[in-house]
Structures are given as structure tokens and as C-alpha cells.
Amino acid sequence: QLVESGGGFVQAGGSLRLSCAASGRTFGGRAMGWFRQAPGREREFVAAITWSGGSTDYADSVKGRCTISRDNAKTTVYLQMNSLKPEDTAVYYCAVSKGVYNSRRATDFPSWGQGTQVTVSS
């Protein structure tokens, strides 16, 4: 089970830190990812991190503004988002990969959280 938190309403240029707490055996040894879906748009990749945290990957749209991290002891993954833009407005989902390596394909992530809303005003 994955439970996201930390979403909210923020003005452009602001910051948010999303958290995703995992329970059960879904977390161990697997890469994790963040995706987002805006109204009327397909779900898109945001960031991913390997089990060790030694490798990360970011969508071009958020590179340099977002940082993904994880605390395996707490079975939690984070997404720090800075310099937020109105186009970042979406529901953000965390997901557990089926493997140890990063992926940008939603189909490689069999377990998903319920999502947390991020709204950025201009």
C-alpha cells in the first residue's frame, strides 16, 4: 500500500515536498517513481529512483526543479518540488517499480498510490 501526502495549493515560484509512505512488502528492493496527471492529459513520468538511491531520473520538464529521494528505513520516498509553475498543477502519484532499475514507463510500475493534488496558481 502506498499513501501520498504533502500536496496542496501554492503560488508560482513556491515549493512543496511530497511524501509517499509504503507498507507491506511492496517497497523492498525496488525502484520507485513519481508520475502526475493533469485534467484532460495522460499520466506522465516525473521522476524515479533506484532502491539504493544511487541513480535518479527526471523528466525534462522538472529537471533542476525537483529532487527525488528515499529513506528505506522509513519505507518512504519523497519529491521535493521547487520553483513551481502553473503547468505543474496535477494529481501526483507515487508508484513501485517491478524491478530495481529506473523506468519512465507507467506499465513498469504495478503498484500505485491514490494520488495527491498539487495546484499552482499564477
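For K98, the aspartates and glutamates whose Cα comes closer than 18 Å to its Cα, not counting residues fewer than 8 places off in the same chain, are E44, D57, D108.
Distance between the C-alpha centres of segment 88-114 and segment 50-83: 12 Å, rounded to the whole angstrom.
Which order do Y78, Y92 take by accessible area at a 1.4 Å probe, largest first? Intermediate values should be presented prior to the final figure.
Numbers: Y78 30, Y92 0 Å².
So, going from the largest accessible area down, we get Y78, Y92.
Calculate the dipole size of the chain relative to its Cα centre from +1 charges on Lys and Arg beta carbons and -1 charges on Asp and Glu beta carbons; express the result in debye to the nearest 20. Walk me through the numbers on the way to the answer.
On the way: 14 positive and 9 negative charges, 43 e Å.
Here the chain has a charge dipole of around 200 debye.
Within the listed set G28, G54, G13, the residue fluctuating most in the Gaussian network model of the chain (springs between alpha-carbon atoms under 10 angstrom) is G54.
The values are calculated or read from the model by the stated rules, or taken from the named source; none is laboratory data. This one's a predicted model, so the numbers in the text were calculated from it and none came from an experiment. Here Cβ is always computed from backbone atoms with ideal geometry, including for glycine, and neighbour counts include all displayed protein chains. What goes into the accessible areas is simple: the full protein's heavy atoms, side chains included, and nothing from ligands, DNA or RNA. Shrake-Rupley method; radii C 1.70, N 1.55, O 1.52, S 1.80 Å.
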